[in-house]
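*Asks:* One structure, pasted below without further comment.
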Amino acid sequence: MVRIQGIVRLANAVRQKLQTGILPGEVPEFQEFIRRNVKQIEELCRQAKTTPRSLPSPSHKAYLFLKGLDLERLPLRREAVLPLPSKRVRISNVVKSYKAFLEWISVAAAKRASIPTERGRIVRSLREEVAEIERICLENGASPRDLEDPSRRAYGWMKFLTQEDHLERHLETVSRGMEILRQVGARHGLGPRKLLFQLVQQAAIYCRKTGRDAISVQASEGFLDADDKTLEALAHCVLVGRDGQWRQRVEAYVDSETYADILFEVEEASGLGELQGRGRHYDLKALFEKINAERFQGKLDPPGLTWSRTFTFRKFGHYHPTRDLVMISLTLDDPGVPPFVIEFVLYHELLHKKLGIRREGSIRRAHTEEFRREERRFPHYQDAEAWLVRLATQLQQGKGLLVP
C-alpha cells in the first residue's frame, strides 16, 4: 500500500478555504493549486505502480474530495476577511493520559473476568480527567475545542467513552479483538510474541506496531461495534496480509453506516463549538422549520443543527440522542444537491429524534418497521434514496458530485 503524507491535511485546509470563500482574483491560482496537487498525487501513485484507490482510506477519500471539486463553480466572496486569531489552549499530559487509558483498557480487556470491576474504575477516572480538562479550559476563557489538535482528539476520545454505554462496548470489543488476534496469530505461526489490540482515535483504519516481544494492533474507534467476522478479517489483514476476501470484508465495514455513526459521535464528543447550521448553500434551521411544518405538524421541538467538519462519502447524516443534535455532512452543502435530497436526509434524522431507539435484548434497533413506514411517507422517498445511492457510488469512484 502506497502512503503519501499530507493529503488529509491538504483536503481539510481546502475545505476551510471553501467555507470562507475565494476572492475573485485568487480563483485562477486556487484552481491551479488544486489541479497541481491532484496531478502530483496521481503521479506518485503511478511511480509506485498503483492507483489512488490503493491509498489508505482517509487519504483516498481526501483525494476523491480534491479530485471531485467543481473548479468552475467555486464559492466567491467580494472582500478579504481578516480571521480572528484563534485561541489555542495548551494543557500538558492530555495525550499522555490518553495513552495511559489505552494501556489500562488493554490490561482490563485481557482478563474478561475483571472487566465489570475495572470498567467502573476506568469510567470514574475518565470522567475526572475530562472534568479537569474542561475546568482548565474554562479558567482560560476557552473550551476543549480550542485545545491543540492532538490534545483535542485525545480529549474527544476520552469524553466519548464517558457517554452512554460506550466504555462497556469498547471493553467488550477490545477483549474479543485480542482473542481473535491470538487465534489468527496461532494459526499462522507467529510465535510466542504477545498480541495487543486497541481501539484508538486515529485517521487510519488500522496500524501495526511490531516490537521485539509484542505486536500491537491499533484500529480506529469506528470498529467499536464490529462483529467477530469483521475483527477476524481485520486480524488477517494486519497479521497475514491484505488477502482479497479479508480486505473486502474490512472495506465493507468501513463503508457501513455503523462505522460512520461511531466516527460522527467521536467527532461530536471532541467539541463542535458553536453550532453552524447555516452553510454556504443550505440553512439547516430553515429546512427544519419547513420539514417540521409539513411532516410533523409543527410538533417537533428543534434539535441542535450543525454541519459536520468533514466531507463524507456514504453516511450523510447522524442524530445524537443524548445531545439532541442533528449533524449533516458537508458533502450535501452544495448547489448540485437538489433541495428534496437534503430535506430527505434531515427528515430521516428527525425520525430518529421522534421514534428513538428500541432495545431487543442486547441489540439496539433504530431502523424499526415503524421507522421504515414513516420514512417511506416522504414525498420523494424513492427519488431521494436513488439519488443518494448514485452520489455515494460516484464519490467512491472519484467522479465527484455529478448526479443525476
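The values are calculated or read from the model by the stated rules, or taken from the named source; none is laboratory data. Not measured: the values here are computed from a predicted model. Methodologically, a virtual Cβ is constructed for each residue, glycine included, from the backbone with ideal geometry; neighbour enumeration extends over all protein chains shown.
*Asks:* Which residues, counting only those in the range 1-45, are under 25 Å from Tyr282 (Cα atoms) and part of a loop (DSSP other than H, G, I, E, B)?
*Replies:* Within the range 1-45, Gly21, Leu23 qualify.
*Asks:* Also: Which numbered condition trips up Ile105, out of (1) modelled with pLDDT under 95; (2) surrounded by 13 or more Cβ atoms within 10 Å (Cβ to Cβ); (3) among the β-branched types (Val, Ile, Thr)?
*Replies:* Tallying (1) modelled with pLDDT under 95; (2) surrounded by 13 or more Cβ atoms within 10 Å (Cβ to Cβ); (3) among the β-branched types (Val, Ile, Thr), Ile105 fails exactly one: (1).
*Asks:* Turning to a different aspect of this structure: Could we say that Arg182 is of a type outside the set (Gly, Ala, Ser), out of contact with any helix residue (DSSP H, G or I) (no Cβ under 8 Å at 6 or more places or on another chain) and without any contact (Cβ under 8 Å) to a residue 24 or more places away in the chain here?
*Replies:* Values: of a type outside the set (Gly, Ala, Ser): yes; out of contact with any helix residue (DSSP H, G or I) (no Cβ under 8 Å at 6 or more places or on another chain): yes; without any contact (Cβ under 8 Å) to a residue 24 or more places away in the chain: yes.
So Arg182 fits the description; yes.
*Asks:* Need pairs with beta-carbon distance below 7 Å; first residue more than 12 Å from Gln202 (Cβ to Cβ) and within the range 148-164, second among the basic types (Lys, Arg) and surrounded by fewer than 21 Cβ atoms within 10 Å (Cβ to Cβ); sequence gap 6+ or separate chains.
*Replies:* From the range 148-164, the pairs are Glu148/Arg88; Glu148/Arg90; Arg152/Arg145; Thr162/Arg127.
*Asks:* Between Arg78, Arg73, which is modelled with pLDDT under 80, more than 30 Å from Asn140 (Cα to Cα) and part of a loop (DSSP other than H, G, I, E, B)?
*Replies:* Arg78
*Asks:* While we're looking at this one, here's another question. Spot the failing condition for Ala219; the list is (1) over 30 Å from Leu346 (Cβ atoms); (2) modelled with pLDDT under 90; (3) buried (at least 21 other Cβ atoms within 10 Å of the Cβ); (4) small (Gly, Ala, Ser), and only one is missed.
*Replies:* Single failed check for Ala219: (2).
*Asks:* Moving on. Does Ser97 satisfy being farther than 30 Å from Glu251 by Cα, at pLDDT 90 or above and either small (Gly, Ala, Ser) or not in a helix (DSSP H, G or I) (or both)? Please lay out each step first, then the result.
*Replies:* On the way: farther than 30 Å from Glu251 by Cα: yes; at pLDDT 90 or above: yes; either small (Gly, Ala, Ser) or not in a helix (DSSP H, G or I) (or both): yes.
Criteria met by Ser97.
*Asks:* Still on this structure, I have one more. Kindly indicate which of Asp228, Asp213 is farther than 25 Å from Tyr98 by Cβ and either out of contact with any Phe, Trp or Tyr (no Cβ under 6 Å at 6 or more places or on another chain) or without any contact (Cβ under 8 Å) to a residue 12 or more places away in the chain (or both). Break it down into steps so the answer makes sense when it comes.
*Replies:* On the way: Asp213 fails: farther than 25 Å from Tyr98 by Cβ.
The unique qualifying residue is Asp228.
*Asks:* What residue, of Glu385, Glu369, Glu360, Glu289, is modelled with pLDDT of 95 or more and either of a type in the set (Asp, Glu) or out of contact with any helix residue (DSSP H, G or I) (no Cβ under 7 Å at 6 or more places or on another chain) (or both)?
*Replies:* Details: Glu385 fails: modelled with pLDDT of 95 or more; Glu369 fails: modelled with pLDDT of 95 or more; Glu360 fails: modelled with pLDDT of 95 or more.
None of the others qualify; the one that does is Glu289.
*Asks:* Kindly establish whether Ser125 is of a type in the set (Ser, Thr, Tyr), under 25 Å from the mean Cα position of the chain (by Cα) and part of a helix (DSSP H, G or I).
*Replies:* Details: of a type in the set (Ser, Thr, Tyr): yes; under 25 Å from the mean Cα position of the chain (by Cα): no; part of a helix (DSSP H, G or I): yes.
Taking the combined requirement at face value, the residue does not satisfy it.
*Asks:* Okay, next question. More than 21 Å from Ala203 (Cα to Cα), polar (S, T, N, Q), at pLDDT below 85 and surrounded by fewer than 16 Cβ atoms within 10 Å (Cβ to Cβ): does that describe Thr50?
*Replies:* In short, no.
*Asks:* Could I ask something else about it? Return the pairs, sorted by first residue and then second, in which the second residue is at pLDDT below 75 and assigned to a helix (DSSP H, G or I), the first residue lies in the range 255-275 and is closer than 20 Å to Leu138 by Cα and of a type outside the set (Asp, Glu), the beta carbons are less than 9 Å apart, and the residues are 6+ apart or on different chains.
*Replies:* Sorted first by the residue in the range 255-275, then by its partner, the list stays empty.
*Asks:* Also, quick follow-up: Could you list all residues from the range 308-317 that are under 15 Å from Leu284 (Cβ atoms) and modelled with pLDDT under 85? I'd like the intermediate steps shown before the answer.
*Replies:* Here is the first cut: in the range 308-317, the ones under 15 Å from Leu284 (Cβ atoms) are 308-309, 316-317.
Within the range 308-317, Ser308, Arg309 meet the criteria.
*Asks:* Select from the range 317-348 the residues that are out of contact with any helix residue (DSSP H, G or I) (no Cβ under 7 Å at 6 or more places or on another chain), surrounded by 15 or more Cβ atoms within 10 Å (Cβ to Cβ) and β-branched (Val, Ile, Thr) and list them in ascending order.
*Replies:* The answer is Thr331, Val337.
*Asks:* While we're on this one: Could you check the range 326-347 and list, in sequence order, the residues that are in contact with a Gly (Cβ under 8 Å, 6 or more places away or on another chain) and at pLDDT 95 or above?
*Replies:* Passing the criteria: Val345, Leu346.
Table: residues versus (1) in a helix (DSSP H, G or I); (2) not acidic (Asp, Glu).
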{"residue": "Glu132", "(1), (2)": "yes, no"}
{"residue": "Arg135", "(1), (2)": "yes, yes"}
{"residue": "Leu138", "(1), (2)": "yes, yes"}
{"residue": "Glu172", "(1), (2)": "yes, no"}
{"residue": "Ser175", "(1), (2)": "yes, yes"}
{"residue": "Val217", "(1), (2)": "no, yes"}
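*Asks:* Take the residues of the range 21-47 that are over 27 Å from Val250 (Cα atoms) and polar (S, T, N, Q): which is surrounded by the most Cβ atoms within 10 Å (Cβ to Cβ)?
*Replies:* Asn37
*Asks:* If Leu195 satisfies every condition in (1) more than 24 Å from the chain's Cα centre (by Cα); (2) surrounded by 15 or more Cβ atoms within 10 Å (Cβ to Cβ); (3) modelled with pLDDT of 90 or more but one, which is the exception?
*Replies:* (3)
*Asks:* Considering only the range 46-58, how many residues are out of contact with any Phe, Trp or Tyr (no Cβ under 7 Å at 6 or more places or on another chain) and assigned to a helix (DSSP H, G or I)? Can you show your working first?
*Replies:* Step one: list which residues in the range 46-58 are out of contact with any Phe, Trp or Tyr (no Cβ under 7 Å at 6 or more places or on another chain), which gives 46-51, 53-54, 56-58.
Still in the running and assigned to a helix (DSSP H, G or I): 46-47, 53-54, 57-58.
Number satisfying all stated conditions: 6.
*Asks:* Could you list all residues from the range 273-303 that are under 30 Å from Arg153 (Cα atoms) and assigned to a loop (DSSP other than H, G, I, E, B)?
*Replies:* Gly273, Glu274, Leu275, Gln276, Gly277, Gly279, Arg280, His281, Tyr282, Pro302, Pro303
*Asks:* Against the condition buried (at least 20 other Cβ atoms within 10 Å of the Cβ), at pLDDT 80 or above, more than 14 Å from Gly277 (Cβ to Cβ) and in contact with a strand residue (DSSP E or B) (Cβ under 9 Å, 6 or more places away or on another chain), how does Leu351 come out, does it pass? Lay out the reasoning, then the answer.
*Replies:* Numbers: buried (at least 20 other Cβ atoms within 10 Å of the Cβ): yes; at pLDDT 80 or above: yes; more than 14 Å from Gly277 (Cβ to Cβ): yes; in contact with a strand residue (DSSP E or B) (Cβ under 9 Å, 6 or more places away or on another chain): yes.
Spelling it out, Leu351 is indeed buried (at least 20 other Cβ atoms within 10 Å of the Cβ), at pLDDT 80 or above, more than 14 Å from Gly277 (Cβ to Cβ) and in contact with a strand residue (DSSP E or B) (Cβ under 9 Å, 6 or more places away or on another chain).
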